[in-house]
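Beneath this line is the structure, given in structure tokens, with notes to follow.
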Amino acid sequence: MPELPEVEAARRAIEENCIGRKIKRSLIADDPKVIDGVSRSDFESSLLGKTIVAAHRKGKNMWLQLDSPPFPSFQFGMAGAIYIKGVAVTKYKRSAVSDTDEWPSKYSKLFIELDDGMELSFTDKRRFAKVRLLKNPASMPPISELGPDSLFEPMTIDEFIDSLRKKKIGIKALLLDQSFMSGIGNWIADEVLYQARIHPMQIVSSLPKESCTALHKCIKEVIEKAVEVGADSSQFPSSWIFHSREKKPGKAFVDGLGRKLSLLQLAAGHQHMCRSYKS
């Protein structure tokens, strides 16, 4: 699913192309599973004539600040994606809509036309996303329940180590807990654990200080690099396990406790796949 780098790429694309533009027209999908808690007519009328003044993100959530509330917010779910007509925006590959499809896509949940002719659309092929209209998205769930943003609000090394000391769960499960640290999903968790040589099921409180330090460093480096290249996975370093996620790996690495862990076990992203490592 889209994670912090993909959502940040969408936020930056809107910031670069849509700020200061007035909403001339909006179309909301008739999909109450995705459009949460507001009617189509109320949603559309609330956007009409408003100016986009900022684009914000926390974790894997994004919202548009207009010149007056309420504001549209987007929880990307498994396949949410932002498209801007004529602008290249990196999409999570499993959510990508073909360039040859109709515009706006049949998967569009919110379509906006701006006064300068620019058009943008939020799509969701899987229908696990949520599009909401909120007076203050940052003060309401799910955003208000998120932990510090992994990019904008990174923990210091001391804060990070202190936060790990009493955790009695597997380290990958903790990294996926958005109330602990927001923005990390399956592929980032796999990547940082691979780079830090930590088994995904290792109990957090058992991690030595050296492993905690390595993990803190890898989280910073992986997220910053992915954001730097606009979440374009073709530009991720060749040493990243990301490139092996959908291949059959033929090698293993040794974690900090001397256990062998195959790339398949780590890249699969499901804890039950991790039982067969060798001690």
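The values are calculated or read from the model by the stated rules, or taken from the named source; none is laboratory data. For clarity, every value in this text was computed on a predicted model and none was experimentally measured. All Cβ positions, even for glycine, are placed from backbone atoms using ideal geometry, and neighbour counts span all protein chains on display. Note: accessible area is taken over every heavy atom of the protein model, side chains too, but ligands, DNA and RNA are not part of it. Shrake-Rupley method; radii C 1.70, N 1.55, O 1.52, S 1.80 Å.
Working carefully through the options L151, L176, find the one that is under 15 Å from the mean Cα position of the chain (by Cα), among the aliphatic types (A, V, I, L, M) and closer than 25 Å to D36 by Cβ. Can you show your working first?
Values: L151 fails: closer than 25 Å to D36 by Cβ.
Criteria check complete, one pass: L176.
Summed over the range 20-54, the residues that are outside any strand (DSSP E or B) and over 22 Å from the mean Cα position of the chain (by Cα) give a count of 20.
For every residue, the table says whether it meets (1) modelled with pLDDT of 95 or more; (2) in contact with a strand residue (DSSP E or B) (Cβ under 7 Å, 6 or more places away or on another chain).
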{"residue": "R165", "(1), (2)": "no, no"}
{"residue": "L193", "(1), (2)": "yes, no"}
{"residue": "L207", "(1), (2)": "yes, no"}
{"residue": "S211", "(1), (2)": "yes, no"}
{"residue": "V222", "(1), (2)": "yes, no"}
{"residue": "F242", "(1), (2)": "no, no"}
{"residue": "A252", "(1), (2)": "no, yes"}
{"residue": "L257", "(1), (2)": "no, no"}
{"residue": "H270", "(1), (2)": "no, no"}
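Within the range 121-167, the set of residues being aliphatic (A, V, I, L, M), within 20 Å of A55 (Cα to Cα) and in contact with a helix residue (DSSP H, G or I) (Cβ under 6 Å, 6 or more places away or on another chain) comprises L133, I143, L151. Looking only at the range 161-184, residues that are in contact (Cβ under 8 Å) with a residue 40 or more places away in the chain and either of a type in the set (G, A, S) or not in a helix (DSSP H, G or I) (or both) come to 7 in all.
W103 passes every criterion in (1) open to solvent by less than 40 Å² (accessible area, probe 1.4 Å); (2) assigned to a loop (DSSP other than H, G, I, E, B); (3) aromatic (F, W, Y) apart from (1).
Is it true that G86 is modelled with pLDDT under 95 and more than 23 Å from R127 (Cα to Cα)? Outline the logic, then answer.
On the way: modelled with pLDDT under 95: yes; more than 23 Å from R127 (Cα to Cα): yes.
Here the answer is yes, as G86 does meet what is asked.
When the range 213-226 is limited to residues that are of a type outside the set (G, A, S) and crowded, with 18+ Cβ neighbours inside 10 Å, the one that is nearest to R11 (Cα to Cα) turns out to be I223. Restricting the first member to the range 185-212 and to residues that are closer than 19 Å to I157 by Cα and open to solvent by less than 20 Å² (accessible area, probe 1.4 Å), and the second to residues that are acidic (D, E) and part of a helix (DSSP H, G or I), the beta-carbon pairs closer than 9 Å and six or more apart or on different chains are V192/E221. Looking at the range 62-74, can you tell me whether even one residue there is over 17 Å from R127 (Cα atoms), in contact (Cβ under 8 Å) with a residue 24 or more places away in the chain, assigned to a loop (DSSP other than H, G, I, E, B) and touching a Lys or Arg at 6+ places or on another chain (Cβ under 7 Å)? Looking for residues that are over 17 Å from R127 (Cα atoms), in contact (Cβ under 8 Å) with a residue 24 or more places away in the chain, assigned to a loop (DSSP other than H, G, I, E, B) and touching a Lys or Arg at 6+ places or on another chain (Cβ under 7 Å), one finds at least one in the range 62-74, hence yes. Anything in the range 132-175 that is open to solvent by 70 Å² or more (accessible area, probe 1.4 Å) and farther than 24 Å from F71 by Cα? List them, or say none. Of everything in the range 132-175, those that are open to solvent by 70 Å² or more (accessible area, probe 1.4 Å) and farther than 24 Å from F71 by Cα turn out to be P154, T156, D158, E159, D162, R165, K166, K167, K168, I169.
Remark: K22 falls outside the filter, which requires a residue to be closer than 22 Å to E145 by Cα, surrounded by fewer than 21 Cβ atoms within 10 Å (Cβ to Cβ) and in contact (Cβ under 8 Å) with a residue 12 or more places away in the chain.
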